Amino acid sequence: MSKNYESPADVQITSMNAQQELIGDLLAPGPGTPWEDRGSIGAIPAFFKTAIMSMTSPRKLLFSMRRPETPSDARAFAIICGVFWGLGWVLEDFLRFRAARTEFDFASDGEVWLLHFAIAVAGTWVLLNLIVRLFYKLVSSGEMKALSPQVLTYNVYAYCLGPSILALIPFHIGPSVALAWIVILFMYGAMTRLAVKKNGAIICNLIAVIGIVGLATATFLILEWFFGWLYR
């Protein structure tokens, strides 16, 4: 009769440590991203260089982080990405307003546009945090080839928001492409920079993104149903 034996904890830790030594130190500092060098090259050029780099050379960008253990630089980059989502939403509002050929009224139109902008900026930051936390919990159960702190996942995912600049393309084309591109970058970043197994990177990201974004969308639709002024 066959018996199932569970590997001792020290054997599992030894195996994980050996694998981590093979992969290397995930928190090793890089030469610096353009955004981290914004003090010398300027904030606006640094942002766009980083955003474009995240779309064209994501591996180089993610391994360039000079301070992968601190979230301040990545957080600022993510918030600016949220500004592009806000501007994209306001642009959609404006195009709808022009198509309706109605007279502009700040109380009924302008306030709604400002509200949408604020929701997009804050929502980008909140959704990023929730997706990172859920994804990290999912992959921590055995999908990580090497241990790393949650802050590294946050930084990697924040820099993967570069395609947010495409949200300015109207008629829902830009936001759709940007969202799909970001999810792909999440998966790629998880496999290359976070040393997550391929299946875990794909499945756990889909669960995290669909779950969190779906919940946020459902919450917004419920609020819109109760308070029609939220969305026009």
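Quick look at the numbers
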{"item": "Cα→Cβ-extended label distance, 7 Å offset, between Ala118 and Ile169, nm", "result": "3.1 nm"}
{"item": "Distance in nm between pseudo-label sites at Lys198 and Phe220 (7 Å out along the Cβ direction from Cα)", "result": "3.4 nm"}
{"item": "Axial C-alpha extent at least 30 Å, average Kyte-Doolittle at least 0.5 - helices from the chain (DSSP)", "result": "72-100, 111-139, 198-226"}
{"item": "P(r) weight above 26 Å for the chain, C-alpha pairs, percent", "result": "44 percent"}
{"item": "Two-site label geometry, Ile210 and Asp25: point separation in nm, points 7 Å out along Cα→Cβ", "result": "3.9 nm"}
{"item": "Proxy reagent accessibility, fewest Cβ within 10 Å first, across Trp225, Trp35, Trp125", "result": "Trp225, Trp125, Trp35"}
{"item": "Computed log₁₀ I(q)/I(0) - Debye formula, equal Cα scatterers, no solvent, the range 135-213, q 0.17, 0.21 Å⁻¹", "result": "-0.63, -0.89"}
{"item": "Qualifying lysines (Cα of each under 26 Å from Cα of Lys145; at least 8 residues distant if same chain)", "result": "Lys60, Lys137, Lys197, Lys198"}
{"item": "Rel. contact order, % - alpha carbon contacts under 8 angstrom, at least six apart, the chain", "result": "25 percent"}
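Each reported figure results from applying straightforward, stated rules to the coordinates on display, with no laboratory input. Worth saying up front: this structure is predicted, and the values here are computed from it rather than measured. Note that we place each Cβ from the backbone using ideal geometry, even for glycine, and neighbour counts take in every protein chain shown.
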